[in-house]
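**Q** Here you go, one structure.
A short reminder: the numbers here are calculations on the coordinates, not readings from a lab. Since the structure is predicted, the reported quantities are computational estimates derived from the model, not experimental observations. Here the Cβ is made from the backbone with ideal geometry for all residues, glycine too, and neighbour counts use every protein chain on show.
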């Protein structure tokens, strides 16, 4: 009985040491690098979506959104949302992009729409990285300024 007990003790000690060694190895491993989106990638996704909305090509705009957004809205609901909630955003003179905030596989990009009426609409786009491609995961009109309001920031 003593040999059996001694073998069990040695097995427990060996397993504990193995777990500790594995933990030390994992702790010393470098963290996975953060995924930083290239600004041009995000700009292109937004520009493709708004070009599709401008021409009423809602299936093309739908391809720019994430799978989770496609689960929330079918194509008909998505098209209706764009047509009725933001009809003026399809009629703009120019678009300017703000600074990107990225964390892990997600990014936030403010986009300023300069409308023909002279108004400026700020839309925050959220993105998610899906299978190596940035997709729109949501957008929210956060602010709207009337004609003549100067929007701060740097121009390059």
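**Q** Only bridges whose two residues both fall in the stretch 39-145 count here: according to DSSP, what percent of them are antiparallel, nearest 5? Working shown, then result.
**A** Numbers: 28 of 29 bridges.
Looking only at bridges with both residues in the stretch 39-145, the antiparallel portion is about 95 percent.
**Q** Going highest first, how would you order 66-76, 110-120 by mean Cβ packing within 10 Å? Mind showing how you got there, number by number?
**A** Details: 66-76: 13.0, 110-120: 16.1.
Going by the mean number of other Cβ atoms within 10 Å, highest first, we get 110-120, 66-76.
**Q** Separation between the residue 83 and residue 140 pseudo-spin-labels, each 7 Å from Cα along Cα→Cβ, expressed in nm?
**A** Once both label points are built, they end up 2.7 nm from each other.
**Q** Please label the shape of the stretch 39-145 as rounded, prolate or oblate, based on the square roots a ≥ b ≥ c of the eigenvalues of the alpha-carbon gyration tensor (a/c under 1.5 means rounded; beyond that, a/b larger than b/c means prolate, else oblate).
**A** It is oblate, given that a/c is not under 1.5 and a/b is not larger than b/c.
**Q** With a 10 Å radius around each residue's Cβ, average the other Cβ atoms per peptide and rank 99-107, 127-135, highest first.
**A** Packing order, densest peptide first, comes out as 127-135, 99-107.
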